[in-house]
Structure formats: C-alpha cells, structure tokens
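Read the figures in this text as sums done on the coordinates, not as results from a lab. Remember, it's a predicted structure, so these values are computed and weren't measured experimentally. No Cβ is skipped: glycine too gets one built from the backbone with ideal geometry, and neighbour counts run over all protein chains shown.
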C-alpha cells in the first residue's frame with residue numbers, strides 16, 4: 001500500500017505540469033491580454049510598454065512559461081494582477097466558501113442518491129421502480145443555473161423563506177452560524193440536485209447485478225429478509241463503482257459550483273475564476289486551475305484507498321505483491 005501511495009503522489013507533479021502547460025497555452029492564445037485589461041483599450045503605447053515591463057510580459061513566451069512552471073511546481077503561483085497580492089493568498093481566502101458549498105452537496109448527494117438507488121431495487125421478481133431515478137436524472141439534465149434560479153424564485157422571492165445572496169447577513173456585526181446555514185441552503189440544494197443522478201443511477205445498476213448473486217440467496221435461506229440483506233451485503237459490494245464515479249467527479253463539482261456561486265453571489269473560487277478570466281488575470285486563473293486539479297487528483301487517490309478498504313482484493317495489493 002505504501003508503495004502504491006508513493007507512486008501516486010509522484011504522479012501529481014507530472015499531472016499538474018501537463019494541466020498547467022495546456023492552461024498556460026490556452027490562456028495566451030485567447031484574444032486580448034492582461035495588458036489591455038490593466039491599461040484599458042485606449043492606453044498610450046508608452047503606458048502599455050511600462051505595464052509589460054513591470055509584469056514581465058515583454059519577455060518571450062517560452063521564457064515566461066519556464067519561469068512560471070518552475071515557480072508553480074514549488075507552490076508559487078505568482079501575484080494576481082487584479083488583487084495585487086500572491087495568488088495562493090487569494091485562493092486560500094476564497095477556498096472556505098467553495099468548500100462550504102461543495103462538501104455538503106457531495107455528502108447530501110451521496111446520502112439521498114444512495115437512498116434512491118436502494119429504494120429503486122426491489123427483491124428479484126418484483127417490478128423495479130423508475131420514479132426516483134427518473135426524477136434524479138431530470139434534475140441532472142437541467143442546467144445548474146436554471147435550478148438555482150428556480151430555487152431563488154420559489155423560496156426566496158415568492159415565499160420569502162430564505163435569503164437570496166451572499167454567505168452572511170451584512171446587518172450582523174458578529175458571525176452567526178444559523179444565518180450562514182440559511183444562506184447556504186439554496187446553493188447547496190441546487191448543487192445537490194445536479195449531482196443526485198450520478199450516485200442514484202450508479203448504485204442502482206450495481207445493486208441490480210448484486211441482488212442476483214448466490215450470497216443473497218444464501219442470506220435469504222438463513223432467514224435474513226431482503227431489505228436487510230440488500231443493505232448489509234449487496235450494498236457493500238455495490239459501493240465500489242459509486243466511489244469510483246464520485247472520485248472522478250470531484251473536479252466537476254468545482255465546475256458546477258461556478259454557476260451556483262454566480263447566481264447566489266457567493267465569494268468562492270467559482271466567482272473568482274470568472275472574474276479573473278474576464279480581467280485577463282492569468283496568474284490567478286492558472287493558480288485556480290492547478291489547485292482544482294490537485295484537489296481532484298488527491299480525491300481520486302483517497303477514493304482508491306477507500307475502495308481498497310472495502311475490498312482488499314483490489315489491484316493495489318496485487319501490484320505490491322508482484323513488486324516484491
């Protein structure tokens with residue numbers, strides 16, 4: 001196991017280098033540039049040259065790439081053109097808001113989607129229910145922006161039950177946990193609805209194949225009723241594909257948070273990268289892209305370890321056995 005973890009950790013710099021190289025190239029191929037964003041469209045040639053020299057934008061592209069990549073692999077993403085401070089500080093300042101949205105949504109989608117997947121798999125010979133998975137799939141197919149706007153219209157503007165924007169009430173002088181929860185209910189719900197179908201449909205497909213296996217017949221012969229056998233035996237084996245899919249969707253969760261943070265005006269990484277892209281803040285865009293990539297790679301590693309914990313027969317141990 002330790003060799004597997006070490007091997008995966010050594011792959012992180014290579015993955016970040018590939019993602020960073022592609023992002024760097026795409027950013028500099030895009031029309032416009034940071035000089036225009038910093039100086040304005042009608043700036044004089046002298047002002048543009050001064051800005052280029054100040055930020056090192058007058059150097060050749062290859063030289064800038066090598067300097068940025070060598071610094072980025074050491075954890076130095078440079079300084080933000082827009083915020084005038086190190087990129088890592090700007091990211092760490094906005095990261096808690098995004099995590100307060102992404103983590104509860106991931107947990108709720110796992111719990112609710114798991115319940116839907118369990119409920120939709122009856123004993124063999126009975127008609128399977130398609131209502132729960134169908135509703136989850138419809139929620140997944142609807143754009144997150146639409147779902148968020150619909151929640152705002154219903155629960156905030158029409159019923160007036162929940163606040164519309166932000167993380168806290170600006171009238172409060174001290175932080176209030178209950179007020180923070182009220183502000184997060186609608187954005188977390190919007191992101192959860194979008195992610196439900198992944199868990200529900202994956203678990204349902206895995207359970208359908210598991211309930212027909214011989215060990216379920218043995219459990220039934222020993223007097224264990226179907227719901228308990230499904231929960232105690234089939235569910236454990238069906239969790240592996242669910243964890244594999246969820247591990248691969250960690251990066252997608254941050255992408256989905258962009259639309260949600262925009263609708264609800266949350267000060268997270270989603271709104272930050274949109275603002276940075278509009279203002280051609282290349283160091284900040286690249287820093288956020290690499291940070292999300294690192295989180296996704298770490299999430300995939302933790303998912304593999306969790307799958308190995310559930311089923312020790314996985315290839316992690318076999319790889320070590322062959323290596324020894």
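The table below gives the values:
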read-out	value
D_trans [Stokes-Einstein, Kirkwood Rh over alpha-carbon pairs] for the stretch 203-285, 4 °C, 1.567 mPa s, µm² s⁻¹	81
Distance (nanometres) between label positions extended 7 Å along Cα→Cβ at residue 176 and residue 42	4.7
Pairwise label distance in nanometres, residue 70 with residue 165, each label 7 Å out on the Cα-Cβ vector	4.5
Alpha-carbon gyration tensor eigenvalues x 5, square-rooted, for the stretch 64-159, Å	43, 21, 12
Radius, Kirkwood style, for the stretch 135-180 when every pair of distinct Cα atoms is counted (Å)	12.4
The stretch 1-154 - Rg and Dmax from Cα coordinates, angstrom	24.0, 80
Volume per residue that the Cα convex hull of the stretch 252-308 spans, once the total is divided by residue count, Å³	73
Degrees separating the helix 2-29 axis from the principal Cα axis of the chain, which is the longest one	50
Alpha carbon centroid spacing (whole Å) that separates the stretch 1-75 from the stretch 83-121	27
Label zone at residue 149 (point 7 Å along Cα-to-Cβ), backbone N below 20 Å, the stretch 193-237	193-195
Rounded tilt (10° steps) of 177-210 against the dominant C-alpha axis of the chain	50
Candidates 14, 177, 118: whichever shows maximal mean-square fluctuation once the chain is modelled as a Gaussian network with Cα springs under 10 Å	177
Most fluctuating residue given options 195, 49, 165, as computed from a GNM of the chain linking Cα atoms under 10 Å	49
Calculated P(r) tail over 14 Å for the stretch 94-140, as whole % of Cα pairs	61
Inter-site label distance for residue 278 and residue 252 at 7 Å from Cα along Cβ, in nm	2.8
Contour minus Cα-Cα distance for residue 208 and residue 232 (0.36 nm per residue)	7.1 nm
GNM top mover of 175, 227, 104 - the chain, alpha-carbon springs below 10 Å	175
Helix axis angle, 250-264 relative to the chain longest principal axis, alpha carbon, degrees	70
Sequence of 215, 81 once ranked by neighbouring C-beta atoms within 10 Å, starting from the fewest	215, 81
For the stretch 221-270 versus the stretch 174-210, the gap between their alpha-carbon centres in whole angstrom	8
Kirkwood estimate for the chain, i.e. one over the average of 1/r between Cα atoms, Å	22.8
Kirkwood Rh in Å, taken over all unlike Cα pairs in the stretch 111-207	15.2
